[in-house]
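Heads up: the structure comes next, in structure tokens.
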Amino acid sequence: VQLQASGGGLVQPGGSLRLPCAASGLTLSNHGMGWFRQAPGKEREFVAAIRWSRKDTFYANSVKGRFTISRDNTENAVYLQMNNLKPEDTAVYYCAQRYGSGYSTLEGDFDSWGQGTLVTVSS
């Protein structure tokens with residue numbers, strides 16, 4: 001399984017970015033997906049997750065109402081739409097896949113990881 005996250009960049013506070021995560025070597029149907037992030041000097045943390053087959057979504061409190069995780073079966077991809085970005089959202093964002101249709105907020109429950117894409121929120 002290979003996951004390719006992209007779409008990062010520099011954005012001003014209040015701006016938006018959309019991060020795609022494309023998968024190869026695995027059909028993402030019936031598998032859970034998640035986004036995590038790691039800010040400079042901090043541990044990696046959960047951001048959002050989705051149950052692939054049931055569309056249920058879950059968010060960290062810090063991003064709830066601003067970020068949206070979604071997926072596209074035809075594109076075999078998952079997305080993270082980030083709105084009203086804040087400087088504290090600055091981090092490397094990783095997409096991750098876990099076998100099975102359930103969800104998790106724990107890093108150890110995910111089986112494959114993308115390489116990460118850097119998001120910098122600054123004026």
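Rolling a 1.4 Å sphere over the protein heavy atoms, what is the accessible area per residue of region 23-75, to the nearest Å²?
About 54 Å² of surface per residue is accessible.
Rounded to whole Hz and in sequence order, give me ³J(HN,Hα) for region 6-16 from the Karplus expression 6.51 cos²θ - 1.76 cosθ + 1.60, θ = phi - 60°, writing x for Gly and Pro.
Result, ordered by residue: 8, x, x, x, 9, 9, 6, x, x, x, 10 Hz.
Going by average Cβ density within 10 Å per residue, which order do the peptides 31-41, 60-70 take, highest to lowest? Can you show the working numbers first?
Details: 31-41: 19.7, 60-70: 15.1.
Order by mean packing, descending: 31-41, 60-70.
Amide H of Phe67: which non-local residues (sequence gap of 5 or more, or other chain) have their own amide H closer than 5 Å, using H built in the peptide plane?
Asn83
Using a simple charge model, +1 on the beta-carbon of Lys and Arg, -1 on the beta-carbon of Asp and Glu, nothing else, what dipole does the chain show about its Cα centre, in debye to the nearest 20? Intermediate values should be presented prior to the final figure.
Values: 12 positive and 10 negative charges, 53 e Å.
For this selection, approximately 260 debye.
Kindly write out, for region 69-74 in residue order, the coupling ³J(HN,Hα) from the Karplus curve 6.51 cos²θ - 1.76 cosθ + 1.60 (θ = phi - 60°), rounded to whole Hz, with x marking Gly and Pro.
9, 8, 9, 10, 4, 5
May I ask you to give the percent of accessible area on the chain that is carbon plus sulfur, with a probe radius of 1.4 Å? The partial results should precede the final answer.
Numbers: 2640 of 6090 Å².
With neighbouring chains kept in place, the figure for the chain is 43 percent.
Not counting the cut sites, what is the longest span of the chain without GluC sites (Glu not before Pro) that DSSP labels loop and that have at most 14 other Cβ atoms within 10 Å? List each step's numbers first, then the result.
Details: sites that count: Glu43, Glu75.
Maximal segment without exposed cleavage sites: 76-123.
Explain nothing, just the number: relative contact order of region 35-123, from Cα pairs under 8 Å at least 6 residues apart, as a whole percent. Present the calculation step by step, with values, prior to reporting the outcome.
Working: 146 pairs, mean separation 25.5, N = 89.
This gives 29 percent for region 35-123.
Based on alpha-carbon atoms only, what is the radius of gyration of the chain relative to the globular estimate 2.2 N^0.38 Å? Intermediate results must be reported in sequence, preceding the final value.
Details: Rg = 13.3 Å, N = 123, 2.2 N^0.38 = 13.7 Å.
It is 0.97.
Taking amide H positions as placed in the peptide plane 1.01 Å from N, state which residues far from Tyr99 in sequence (5 or more) or on other chains have amide H under 5 Å from it.
Placed amide hydrogens put Asp111 under 5 Å from Tyr99.
The values are calculated or read from the model by the stated rules, or taken from the named source; none is laboratory data. Predicted model only: the values in this text are computed from it and were never measured. Ideal geometry is used to build each Cβ from the backbone, glycine not excepted, and the neighbour counts take in all protein chains shown. Ligands, DNA and RNA are stripped out before the accessible areas are found, and what is left, the full protein with its side chains, is counted by its heavy atoms. Shrake-Rupley method; radii C 1.70, N 1.55, O 1.52, S 1.80 Å.
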